[in-house]
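Each reported figure results from applying straightforward, stated rules to the coordinates on display, with no laboratory input. Keep in mind it's a predicted model, so treat the numbers as computed, not measured. Every residue, glycine as well, gets a Cβ built from its backbone with ideal geometry; the counts of neighbours run over all protein chains shown.
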Amino acid sequence: MVDLYPAIDVCAGQVVRLTQGQYDLATVYGDDPVAVARSFADAGATWIHVVDLDAARSGSPRNRPVVAAIAAAVAGRAKVQTGGGVRSVDDARELADAGVARVVMGSAAVEHPELVDAAAQVVAVAVGLDHRHGQVAVHGWTEGAGVSLDEALDRYPAASAFVITDITRDGMLDGPDLEGLALAAARSTAPVIASGGVASLADIEALAAVPGIAGVITGKALYEGRFTVSQALEVLRR
């Protein structure tokens, strides 16, 4: 079964969603990320995707206690995958010690692929490949990395998964890039977790039908009431 990853983006301790990665276009959906995580686990989610937006932008892990509290709140029911500011083996180790099951390395992995090999000795590592029109972006999506998505997929033999985000669709609720994700999944040697653009249960059903897609991240559609975690899980079970 394809896994559902309901997403919690944390900024200054609040639950927010950005539009196309722009911090000045943030919508606040609550001030208790732990309660949100608990509600996702109560609904049957077995994974929760947490992003520390402050760390992604500045490198300061100010929300790490929040991530640890989320992991503790859902322990035994759901596993936590977290990204944002994971830039060293020490970061990966601290998050593993906080109860995180898998870290997502984005900018650091793109700039220093050997970090993934080292961090993977400590905890499972997914490589986050955020792209605009097939070109990978780094540092909170503010800079181009000078590498294509296709090139990047060949660089990480130790990756346990790839989290692929089409930045142009993120937070837009206009559907995922099914064609691009299918091409990436066919090329990748690791499972692909799709992110960006999910707006409906039909989108989740379509993604689940793509060979090589192992997971679907969804955030804004949940917070906007387009569907519930329970409904999404039912679609994936079918």
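Points worth noting:
- Net charge dipole, segment 116-238: roughly 300 debye, given to the nearest 20, about the Cα centre with Cβ charges of +1 for Lys and Arg and -1 for Asp and Glu.
- Mean Cβ count within 10 Å, highest first, over the residues of peptides 83-92, 24-33, 108-117: 83-92, 108-117, 24-33
- Segment residue 228-residue 150, length gained on full extension (0.36 nm per residue, minus Cα span): 24.8 nm
- Amide H to amide H distances under 5 Å link residue 20 with 170, 171, 172, where only residues 5 or more positions off or on other chains count and H is placed in the peptide plane.
- Gain on full extension, evaluated as 0.36 nm per residue between residue 117 and residue 46 minus their Cα-Cα distance, stands at 23.0 nm.
- The chain: calculated mean residue ellipticity at 222 nm from DSSP helix runs of at least 4, using -39500 (n - 2.57): -9000 deg cm²/dmol
- Amide H contacts under 5 Å for residue 9, placed H, 5+ residues apart: 16, 51
- Under-5 Å amide H pairs with residue 3, H placed in peptide plane, nonlocal only: 215, 216
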